[in-house]
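Inspection log for the structure reproduced underneath, given as structure tokens.
The values are calculated or read from the model by the stated rules, or taken from the named source; none is laboratory data. Not measured: the values here are computed from a predicted model. Cβ sites come from the backbone with ideal geometry, for glycine too, and all protein chains shown count toward neighbours. Surface accessibility is based on the protein's heavy atoms, side chains included, excluding ligands, DNA and RNA. Shrake-Rupley method; radii C 1.70, N 1.55, O 1.52, S 1.80 Å.
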There are 2 protein chains.
Amino acid sequence: MANYLFGVDVGGTTVKMGLFDKDGNVLEKWEIPTRTENGGEKILPDIADSIKNKMTEKGITKGDVIGAGAGVPGPVDGNGVVHRAVNLGWGEVDLKKELSTLLDGMRVEAGNDANVAALGEMWKGGGQGHQNLVAVTLGTGVGGGIIINGEILTGATGAGGEIGHIHVEDNETEACGCGNFGCLEEYASATGITRLANRALAASDKDSVLRGGEVSAKTVFDAVKAGDALAIEVAEKFGEYLGKGLGVIAGVVNPEIFVIGGGVSKAGEVLFDYIKPSFEKTVFHGCKNTIFALATLGNDAGIYGAARLLL
Amino acid sequence: MANYLFGVDVGGTTVKMGLFDKDGNVLEKWEIPTRTENGGEKILPDIADSIKNKMTEKGITKGDVIGAGAGVPGPVDGNGVVHRAVNLGWGEVDLKKELSTLLDGMRVEAGNDANVAALGEMWKGGGQGHQNLVAVTLGTGVGGGIIINGEILTGATGAGGEIGHIHVEDNETEACGCGNFGCLEEYASATGITRLANRALAASDKDSVLRGGEVSAKTVFDAVKAGDALAIEVAEKFGEYLGKGLGVIAGVVNPEIFVIGGGVSKAGEVLFDYIKPSFEKTVFHGCKNTIFALATLGNDAGIYGAARLLL
């Protein structure tokens, strides 16, 4: 009986791949380079070759494989068609159909990488045991993935869960990367925290371990843990915006749990100390008990979630 | 073959009922009083009697009926259990099971009234042709219902779509009915618009037809249509908050369409002139083309949606 799943996380530099059994145990992980030249035309053939080679190496036959799932950095519709993935050089690519053909008819499913990572955290990560969750990725930007009753919320144009660009500040004067002003990403991403810290440093003469040294999300939260007053102010500002934003999201989709991942989340549970006060202050009372947890799969969330697409 | 559906909208004063064919044509509509005394123990028996009487009157047999759907003013979980409906006098009521027993095993489905109304607008109202929509009810309060791929988004605790209490203003000094400060409902409901108008009247000496007369959402938008400058300021404020709030909602669930209903929506499409500027200014670009439409079913949305629960 078919027991194996391939999970594929297609990034702009490397393609992460995993071989799983259907209980979600990862049997092997590997990477191949992403060849983005010529409109990324080699990416799917490279993935197909790598899967076939792995099957040969392991003595796995087509009948043993449930399928291959893939997460890609761009909007993916309900039919597994990718609508533009800039980092891959792709315009419209019928991933589900093309990859299946390259794999001699193997079943293929596809989704947006942030959504797929959310599914991974639900399956085997910080969201285990929950079918309604919002995954929040605090990295260079702020990404998100929403799972409702165990299914990805894709949205009408594949923009479901694009929570980095919800509006949280009316009086922002610097534009977000998206062109708008006052997006959540401007305060809650690694870049946003750095910006908040630089603003705070410029606005006061207060002594701080951040002064003169490297200013980053990491150094800010290290300083918070060391009791640095200015860094704590920055963390409060970060938490005010993120707590408020997550409060609104809770009022809209009412998840059981928020799973917080991305580079910033390496600071650990201290983040929650700064997020929860403004969350609890502003959220609808029916959503006050939403759980906060840290993501646990790190960069592997994508391959787990991609495999989970097949179940 | 079974062709009939009963749609039941349980309100605090009356129960609205409708007999539909499975294409969504309403064959008959009627109402019975809601008897809320003794913990509302008569409500379900009254509904069952009324359905049975209608079947007898119409010569419809049990085999002709697909089932009965019900919308109730309170959270309803995925098993059709109501968790407290204050206006009905109900604590926890297993509506699906109890009503089905009273109807000799007829299939019963249940949902929250705002969510069910959203489903009705999708089926036969302003949202026809769309499977991903957010219904917004601007009445005494602000209610909402979210439909994803044709299904109600219930949420972990039945609070999905409770958009009246998303936080949109940090500097509010008057509390919302829910106890928080700065909820959308404080600016976008009929009550909220009246409050904004009274604030505007108190804050300036500007001439206005609203001065000295009745101040309500209706008189405000009548004055807007007559070109009253102060009323237009109020409408701008209303639209700023609602547009911003809907922008956030769009960034989270990415619907195809917003369907705006409730008493305030009687003002008509002029509302969109005030909502859209701040929506377009703040929403994530991938959601900018979300459609705005008016609800068309009025108070019948509930019975339509309740019947639709069965399909």
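Working only within the stretch B:178-200, note down all residues that are within 11 Å of another protein chain (Cβ to nearest Cβ) and of a type in the set (Gly, Ala, Ser).
B:Gly179, B:Gly182
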For the stretch B:298-311, which positions are surrounded by fewer than 21 Cβ atoms within 10 Å (Cβ to Cβ) and in a loop (DSSP other than H, G, I, E, B)? B:Leu310, B:Leu311
Given (1) more than 14 Å from every other protein chain (Cβ to nearest Cβ); (2) buried (at least 22 other Cβ atoms within 10 Å of the Cβ); (3) under 28 Å from A:Gly182 (Cα atoms), where does B:Ala217 come up short, assuming only one miss? (3)
Any residue at all in the stretch A:221-232 that is within 14 Å of chain B (Cβ to nearest Cβ) and either more than 21 Å from the chain's Cα centre (by Cα) or not aliphatic (A, V, I, L, M) (or both)? no
Among B:Ala110, B:Ala114, B:Ala135, which is the only one that is modelled with pLDDT under 95 and either buried (at least 24 other Cβ atoms within 10 Å of the Cβ) or assigned to a loop (DSSP other than H, G, I, E, B) (or both)? B:Ala114
Residue, surrounded by the most Cβ atoms within 10 Å (Cβ to Cβ), within the stretch A:233-284, restricted to residues that are on the phi > 0 side of the Ramachandran plot and away from chain B (no Cβ under 14 Å): A:Gly262
Among the residues of the stretch A:138-188 satisfying the criterion of being out of contact with any His (no Cβ under 9 Å at 6 or more places or on another chain), of a type in the set (Gly, Ala, Ser) and without any contact (Cβ under 8 Å) to a residue 12 or more places away in the chain, which is nearest to A:Pro255 (Cα to Cα)? A:Gly155
Are any residues in the stretch A:285-296 part of a loop (DSSP other than H, G, I, E, B) and either in contact with an Asp or Glu (Cβ under 6 Å, 6 or more places away or on another chain) or within 14 Å of another protein chain (Cβ to nearest Cβ) (or both), and if so, which ones? A:Lys288, A:Asn289, A:Thr290, A:Ala295
Selection from the stretch B:1-15 of residues open to solvent by 50 Å² or more (accessible area, probe 1.4 Å) and under 19 Å from the mean Cα position of the chain (by Cα) yields B:Thr13
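Can you tell me which residues in the stretch A:6-25 are in a strand (DSSP E or B), over 19 Å from A:Ala85 (Cα atoms) and in contact with a helix residue (DSSP H, G or I) (Cβ under 8 Å, 6 or more places away or on another chain)?
Matches in the stretch A:6-25: A:Phe6, A:Gly18, A:Leu19, A:Phe20.
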Name the residue that is least open to solvent (accessible area, probe 1.4 Å), counting only residues in the stretch A:85-99 that are closer than 20 Å to B:Gly286 by Cα and assigned to a helix (DSSP H, G or I). A:Leu88
Being assigned to a loop (DSSP other than H, G, I, E, B), more than 20 Å from B:Tyr241 (Cβ to Cβ) and in contact with a strand residue (DSSP E or B) (Cβ under 8 Å, 6 or more places away or on another chain) is the filter here; which residues of the stretch A:158-182 pass it? A:Gly158, A:Gly160, A:Gly161, A:Glu162, A:Thr173, A:Glu174, A:Cys176
